[in-house]
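Below: the structure, in structure tokens.
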Amino acid sequence: MHGVQGFMYPNELELQWSILIVLYPYLTGLVAGAFILASLERVFNVAAVKPTYRLALLTALAFLIVAPLPLQMHLGHPERSWEMYVTPHTTSAMAMFGFVYLWYLMVVLVLEIWFDYRRELVLTWRGSTGLKRQFYGVLTLWSDNISPEALAIDHKLGGILTVVGIPSAFLLHGYVGFIFGSIKANPWWSTPLMPVVFLFSAIVSGIAAVMLIYMVTSTLRKTEISMVCVDTIAKYLYYAFIVDFTLEMLDLIHRLYVADESLLALDFMVKTKLFYSQIVVQIIIGTVVPLALLASVQFVRWSAGARKAIYAIAGVLIMIGIFAMRWNVVIGGQLFSKSFLGYTTYKLDFATKEGLLPALIFLVMPFLILWALVKILPPWEPDATVAGELRHGTSTGA
Amino acid sequence: MSASATSNRRDFLKDSGKWILLTGAAMLAWDFVAEGAPEQAPNYNATDHWWGMIIDIEKCIGCGNCVRACKAENGVPMTDDAFRTWVERYVVMPDEPDKPIVDSPNGGYDGFVNLKQYGDGAKVFFVPKMCNHCAHSPCVQVCPVGATFESPDGVVLVDKTRCLGCRYCVQACPYGCRYIDPRTETVDKCTLCYHRITKGLTTACCETCPTGARVLVDLKNPKDPIHEFMRTHKVNVLKPQMATGSKTYYNGLDGAVR
């Protein structure tokens with residue numbers, strides 16, 4: 001009835017963490033990755049990725065807003081979750097993550113976006129009437145000083161926030177890995193590599209997501225995709241992916257070589273219950289193929305059209321592969337008994353509280369939020385005159 | 001006869017009744033017990049105790065009394081995936097000592113059906129399991145709101161009015177001792193019958209064990225027989241490598257037990 005082979009402790013028959021908990025590291029990872037791509041331009045002066053800077057920030061915000069929702073949905077008592085903030089248990093990785101999340105959302109991301117957009121917000125506020133005027137008034141926090149001095153301060157603060165933001169993004173997703181990696185009861189999770197693996201897979205998925213969103217939005221807006229931009233992004237994606245893949249293989253090889261008690265259970269699982277999601281989807285389709293595609297661009301002179309196609313295919317495969325990786329960690333970690341003597345099965349429902357339907361809704365929701373954010377805060381390069389004015393204003397200020 | 005005299009006589013009869021029905025210690029605690037706060041009774045001082053359990057595997061006959069008593073006493077859901085205590089049967093073949101065959105049908109609630117197919121060479125024994133009331137509990141460590149806590153007398157408890165139902169503690173417990181109570185959507189686990197032991201009673205599982213395989217122990221009580229037992233027996237805890245400070249001790253624990 002529970003799909004058990006061998007022996008599970010009776011209380012283990014039902015899986016505790018469902019697909020909703022798979023979404024949580026997936027969405028948070030996209031946030032961290034998107035932000036790190038944005039910071040490439042700002043901190044490391046990689047001018048080529050400029051067209052994606054604002055888009056990456058908005059993408060990060062859209063995903064960050066949705067990230068805690070599947071967690072809330074999963075809780076038995078979501079109405080009590082605020083107690084994590086008012087009476088946190090300081091030894092709990094999960095409780096402390098709440099503060100990391102808030103820090104990242106409110107201090108890093110929202111502030112950085114606000115400083116970056118402040119001038120345009122004020123200009124839109126001034127140039128509009130009625131409800132729209134009220135709305136943008138709120139967004140500017142009724143501060144309409146856009147003198148060169150004020151903009152210089154904005155630019156400087158934005159820069160500082162990005163510098164603070166990079167370790168914060170690392171912390172955000174490294175911490176998600178720690179939530180799993182620190183569970184000593186579970187050998188599938190318990191490894192100090194977990195935060196690092198999570199971090200690099202986050203960077204990979206976030207960069208791929210922004211690259212795809214940039215390509216799709218450019219196509220929809222009928223504007224030219226900047227090949228310099230996507231080539232550069234793909235190059236960084238390739239490097240990050242190599243590190244990520246190396247770390248994951250290191251973890252796997254270490255497990256196989258050390259071959260401790262848990263290996264029998266884990267080995268069996270990878271060969272049977274996780275064979276499709278781990279070997280086929282995560283490693284072959286989600287890693288080896290896109291890695292080969294990205295590598296080919298580094299060594300073969302493809303035409304621009306071919307490169308676009310390669311980036312699109314690689315990007316989609318990466319998004320699928322990283323999702324499979326989160327699935328294999330979260331669900332895989334619960335398929336075997338902590339007695340190492342048996343296995344259970346995860347049955348994914350459809351239209352239930354923790355089923356596929358809410359998961360799909362949570363996956364679509366960030367894109368709707370992103371669409372709204374793009375309407376409110378257009379991330380595109382402004383038209384020539386405004387752009388010149390803007391660049392002039394900020395660059396002289398800086 | 002005045003009203004106060006009637007009242008005095010009634011009080012006298014009530015008190016005498018209590019004295020006759022209850023032991024001295026239980027009587028002192030009765031009012032607090034009736035109010036649902038036994039730990040506040042003047043004769044129960046939590047810091048004077050450090051509770052644990054000794055389970056003698058050699059004595060367990062797999063009757064399932066403890067499982068039934070626990071479910072009845074504590075209102076544990078009657079499903080096959082929710083247990084505060086359960087009994088596992090181990091079958092260890094002589095040529096494969098590290099590959100035991102284990103079962104626990106319905107947690108041992110209905111006892112066990114006799115095994116014939118393994119022949120005479122098999123070593124068969126029962127292992128009752130429950131919360132280990134660890135002194136360094138991983139479950140307590142990870143709870144984001146402190147809903148799971150260690151009482152001053154060494155019992156790991158859950159405050160159901162605080163539990164979020166996030167299930168992190170279920171993941172963190174190496175022994176599989178926790179489950180989600182579908183009625184409250186909060187976590188549930190063995191309380192070591194806290195409502196009983198603070199009244200001077202033993203746990204429901206110990207009370208009903210026909211062979212005395214499970215015994216509640218107070219490690220802070222110098223007169224508790226546990227100290228003599230520990231000195232004279234080969235005692236171990238489950239998964240000692242987890243270093244959780246488990247206080248559920250097993251006598252005769254086979255190396256195959258997980």
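The values are calculated or read from the model by the stated rules, or taken from the named source; none is laboratory data. What you see is a predicted model, and the numbers here were worked out from it, not measured in a lab. Note: ideal-geometry Cβ built from the backbone for every residue, glycine included; neighbour counts use all protein chains shown.
Residues that are surrounded by fewer than 18 Cβ atoms within 10 Å (Cβ to Cβ), among the β-branched types (Val, Ile, Thr) and touching a helix residue (DSSP H, G or I) at 6+ places or on another chain (Cβ under 9 Å) occur at least once in the range B:113-126.
Tell me the residue from A:LYS271, A:LYS308 that is over 28 Å from A:LEU15 (Cα atoms) and charged (D, E, K, R), please. Full working, then the answer.
Working: A:LYS271 fails: over 28 Å from A:LEU15 (Cα atoms).
Checking each option against the conditions leaves just A:LYS308.
Residues in the range A:90-102 include at least one that is closer than 15 Å to B:LEU164 by Cα, within 14 Å of chain B (Cβ to nearest Cβ) and assigned to a loop (DSSP other than H, G, I, E, B).
Among what's in the range B:170-205 and is among the small types (Gly, Ala, Ser) and within 25 Å of A:ALA185 (Cα to Cα), pick the residue that is farthest from the chain's Cα centre (by Cα). Before you say what the answer is, go through the steps one by one.
So the first thing to find is which residues in the range B:170-205 are among the small types (Gly, Ala, Ser), and the list is B:172, B:176, B:200, B:204.
Filter again for within 25 Å of A:ALA185 (Cα to Cα), leaving B:172, B:176.
Working: B:ALA172: 19, B:GLY176: 14 Å.
Restricting to residues being among the small types (Gly, Ala, Ser) and within 25 Å of A:ALA185 (Cα to Cα), the top hit is B:ALA172.
The set of residues in the range A:178-190 that are outside any loop (DSSP other than H, G, I, E, B), more than 10 Å from chain B (Cβ to nearest Cβ) and in contact (Cβ under 8 Å) with a residue 60 or more places away in the chain contains only A:PHE178.
A:GLU112: more than 14 Å from chain B (Cβ to nearest Cβ), over 30 Å from A:PHE340 (Cβ atoms) and in contact (Cβ under 8 Å) with a residue 60 or more places away in the chain, yes or no? Answer is no for this residue. Consider the range B:85-99 and keep the residues that are modelled with pLDDT of 95 or more and within 9 Å of chain A (Cβ to nearest Cβ). The one that is nearest to A:LEU15 (Cα to Cα) is B:TRP86. Just to be sure, is A:PRO70 within 19 Å of the chain's Cα centre (by Cα) and either at pLDDT 95 or above or among the basic types (Lys, Arg) (or both)? Yes. Selection of the range B:149-163 for residues being within 19 Å of B:ILE197 (Cα to Cα) and in contact (Cβ under 8 Å) with a residue 24 or more places away in the chain yields B:SER151, B:PRO152, B:ASP153, B:GLY154, B:VAL155, B:VAL156, B:LEU157, B:VAL158.
Within the range A:318-329, residues that are more than 13 Å from A:THR28 (Cβ to Cβ) and assigned to a helix (DSSP H, G or I) reach partners that are modelled with pLDDT under 95 and of a type in the set (D, E, K, R) with beta carbons closer than 8 Å, at six or more positions or on different chains, in the pairs A:MET325/A:GLU248.
Is the range B:123-131 home to any residue that is in a loop (DSSP other than H, G, I, E, B), within 25 Å of B:ASN251 (Cβ to Cβ) and within 11 Å of another protein chain (Cβ to nearest Cβ)? Yes, the range B:123-131 contains a residue that is in a loop (DSSP other than H, G, I, E, B), within 25 Å of B:ASN251 (Cβ to Cβ) and within 11 Å of another protein chain (Cβ to nearest Cβ).
Under the condition of being in a loop (DSSP other than H, G, I, E, B) and facing chain A (nearest Cβ under 7 Å), the residues counted in the range B:178-203 number 2. Return a yes/no flag: does the range A:53-65 have any residue that is within 14 Å of chain B (Cβ to nearest Cβ) and either among the polar types (S, T, N, Q) or buried (at least 23 other Cβ atoms within 10 Å of the Cβ) (or both). No - not one qualifying residue is present in the range A:53-65. Identify all residues within the range B:4-24 that are over 33 Å from the mean Cα position of the chain (by Cα) and modelled with pLDDT under 70; write none if there are none. Within the range B:4-24, B:SER4, B:ALA5, B:THR6, B:SER7 meet the criteria. Among the residues of the range B:150-174, the one identified as of a type in the set (Ser, Thr, Tyr) and at the interface with another protein chain (Cβ under 7 Å from one of its Cβ atoms) is B:TYR168.
The residues in the range B:133-160 that are among the charged types (D, E, K, R) and not in a loop (DSSP other than H, G, I, E, B) can be counted, and the count is 1. Considering the conditions (1) more than 20 Å from A:GLY33 (Cβ to Cβ); (2) buried (at least 21 other Cβ atoms within 10 Å of the Cβ); (3) in contact with a Leu (Cβ under 6 Å, 6 or more places away or on another chain), A:LEU109 is excluded by exactly one of them, (1).
Reported count of residues in the range A:248-305, each being under 26 Å from A:VAL230 (Cα atoms), among the aliphatic types (A, V, I, L, M) and not in a helix (DSSP H, G or I), is 1. Put simply, of B:ARG258, B:ARG183, B:ARG178, B:ARG214 the only residue that is under 30 Å from A:THR344 (Cβ atoms) and at pLDDT below 95 is B:ARG258. Evaluated against (1) more than 24 Å from B:GLU150 (Cβ to Cβ); (2) surrounded by 14 or more Cβ atoms within 10 Å (Cβ to Cβ); (3) out of contact with any Lys or Arg (no Cβ under 6 Å at 6 or more places or on another chain); (4) away from every other protein chain (no Cβ under 14 Å), B:VAL257 falls short on exactly one condition, (4). Within the range B:238-252, being in a loop (DSSP other than H, G, I, E, B) and surrounded by fewer than 19 Cβ atoms within 10 Å (Cβ to Cβ) holds for B:LYS239, B:ALA243, B:GLY245, B:GLY252. Residues that are surrounded by fewer than 24 Cβ atoms within 10 Å (Cβ to Cβ) and among the aromatic types (Phe, Trp, Tyr) within the range A:25-44 comprise just one, A:PHE44.
Just one of the numbered conditions (1) small (Gly, Ala, Ser); (2) over 17 Å from the mean Cα position of the chain (by Cα); (3) within 14 Å of chain B (Cβ to nearest Cβ) is not true of A:ALA48; which one? (3) is the only condition that A:ALA48 fails.
Scanning the range A:13-21 finds no residues that are more than 12 Å from chain B (Cβ to nearest Cβ), under 20 Å from A:PHE200 (Cα atoms) and surrounded by 21 or more Cβ atoms within 10 Å (Cβ to Cβ).
Taken over the range B:75-84, the criterion of being in contact (Cβ under 8 Å) with a residue 40 or more places away in the chain and more than 10 Å from chain A (Cβ to nearest Cβ) is satisfied by B:VAL76, B:PRO77.
The listed residues are A:PRO51, A:PRO70, and the only one of them that is assigned to a helix (DSSP H, G or I) and under 15 Å from B:GLY165 (Cβ atoms) turns out to be A:PRO70.
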